[in-house]
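Step one of this worksheet: look at the structure below.
The values are calculated or read from the model by the stated rules, or taken from the named source; none is laboratory data. Only a predicted model underlies this, so the values are computations on that prediction, with no experimental measurement involved. So basically every Cβ, Gly included, is an ideal-geometry build from the backbone, and we count neighbours across all protein chains shown.
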Amino acid sequence: MAALGGLSLSWSDLADLIRLRNQTGSLLLLLPTLWALVLAGDGHPPLSLTAIFVAGVFVMRSAGVTVNDLWDRDLDRRVQRTRERPLASGRMQPRAAVTVFLALIVLAAGLVFLLNSLTITLAPIALLLAVLYPLAKRVLPLPQAILGMAFGWGAIMAWSAVRNEIAWPAVGLFVATIFWAIGYDTIYALQDQEDDQRAGVHSAALLFGPWAWVAVGSALSVMVALLGLVGLATGLAWPFYVTLLLTGALFAGQVRRIKHPIAPAQALALFKQHVWAGALILAGFWSGVLLR
């Protein structure tokens, strides 16, 4: 048991709150950041910066899911997949979760202040996006775009941390990540369509309905095209384009799968494949930089 703000909290509940046993989200947040570090660092990003961003991604993702559960605890009770989360189930009090969130933000701030002044000025936007995403699900028909901004902002910060500037390849990675998130999170939302509709939560799966496969295919196609433009602009060698082609083939297979109704477990499995897609792209960036 741990004590937070005078409240008792089990380590198991804390682990569940920050999704310690499920790091798919952390990896999807980390990968665009690593793309930018590799590109900006010409294939040899400083180890100190890499360590700071890896730690920062884990802390900020933990903070993001904590504030998400705080906002959504009433909605989560109405969704089969989320009703056993610590706040939704009543195993944790909201005051304890707020204390966890504040502690995580303090940790993140400590990491940010190890970076240059430009990156420090960009950091509050990352916090704002993390807080806004849970609210976006209530008012925006496509909240996945806000999620993509939150996940892509790491690429902007990583580039600025290495080069002390914001160049357009970093913006390309940022926009590509927005479309990537729209694609994979629409697949993820296929798990909860009926529950989300009853709870009044917006999602791309509900917005596009039977045409979700077209939306996913379009978003992922734009993502691949943008990454290709980034590769051309930075003069990457041929291995990058091979990995991009393989990634596109994986995406095409997913789009064919979701053209017809799929079970929630299948949607989750397809969503998790995007970690491998992002890792493949990272390998392409790395080899493309080193061989150019």
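Would you mind stating whether residue 88 is more than 30 Å from residue 277 (Cα to Cα), of a type outside the set (Val, Ile, Thr) and in contact with a helix residue (DSSP H, G or I) (Cβ under 8 Å, 6 or more places away or on another chain)? I'd like the intermediate steps shown before the answer.
Values: more than 30 Å from residue 277 (Cα to Cα): yes; of a type outside the set (Val, Ile, Thr): yes; in contact with a helix residue (DSSP H, G or I) (Cβ under 8 Å, 6 or more places away or on another chain): yes.
Yes, satisfied.
For residue 210, are the conditions met, namely being part of a loop (DSSP other than H, G, I, E, B) and either touching a His at 6+ places or on another chain (Cβ under 8 Å) or at pLDDT below 95 (or both)? Steps first, please.
Details: part of a loop (DSSP other than H, G, I, E, B): no; either touching a His at 6+ places or on another chain (Cβ under 8 Å) or at pLDDT below 95 (or both): yes.
The answer is no for residue 210.
From the list 237, 267, 263, 277, the one residue that fits, being more than 24 Å from residue 174 (Cβ to Cβ) and surrounded by 14 or more Cβ atoms within 10 Å (Cβ to Cβ), is 267. Filtering the stretch 244-275 to residues that are more than 26 Å from residue 22 (Cα to Cα), within 23 Å of the chain's Cα centre (by Cα) and in contact (Cβ under 8 Å) with a residue 40 or more places away in the chain leaves only 244. Taken as a whole, the condition of being among the charged types (D, E, K, R), in a helix (DSSP H, G or I) and either under 30 Å from residue 167 (Cβ atoms) or without any contact (Cβ under 8 Å) to a residue 60 or more places away in the chain (or both) does not apply to residue 95. Selection of the stretch 99-121 for residues being over 16 Å from residue 55 (Cα atoms) and in contact (Cβ under 8 Å) with a residue 40 or more places away in the chain yields 99, 100, 116, 118. Exactly one residue out of 58, 53, 101 is closer than 24 Å to residue 240 by Cβ and among the aromatic types (Phe, Trp, Tyr): that is 53. When the stretch 234-266 is filtered for residues that are assigned to a helix (DSSP H, G or I), at pLDDT below 95 and hydrophobic (A, V, I, L, M, F, W, C), only 265 remains. In a residue-by-residue description of the stretch 99-110, the property of being closer than 22 Å to residue 206 by Cα and surrounded by 18 or more Cβ atoms within 10 Å (Cβ to Cβ) applies to no position. The single condition among (1) assigned to a helix (DSSP H, G or I); (2) touching a Gly at 6+ places or on another chain (Cβ under 6 Å); (3) under 18 Å from residue 283 (Cα atoms); (4) not small (Gly, Ala, Ser) that residue 173 does not satisfy is (2).
For the stretch 42-74, the set of residues classified as surrounded by fewer than 17 Cβ atoms within 10 Å (Cβ to Cβ) and part of a loop (DSSP other than H, G, I, E, B) consists of 42, 43, 44, 46, listed by residue number. Selection of the stretch 19-36 for residues being without any contact (Cβ under 8 Å) to a residue 40 or more places away in the chain and under 12 Å from residue 282 (Cα atoms) yields an empty set.
For (1) over 17 Å from the mean Cα position of the chain (by Cα); (2) at pLDDT 90 or above; (3) aromatic (Phe, Trp, Tyr); (4) not in a helix (DSSP H, G or I), each residue gets a yes or a no:
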{"site": "100", "(1), (2), (3), (4)": "yes, yes, no, no"}
{"site": "119", "(1), (2), (3), (4)": "yes, yes, no, no"}
{"site": "122", "(1), (2), (3), (4)": "yes, yes, no, no"}
{"site": "127", "(1), (2), (3), (4)": "no, yes, no, no"}
{"site": "134", "(1), (2), (3), (4)": "no, no, no, no"}
{"site": "137", "(1), (2), (3), (4)": "no, no, no, no"}
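Please verify whether residue 25 is in a loop (DSSP other than H, G, I, E, B) and more than 21 Å from residue 110 (Cα to Cα), treating the condition exactly as stated. Taking the combined requirement at face value, the residue does not satisfy it.
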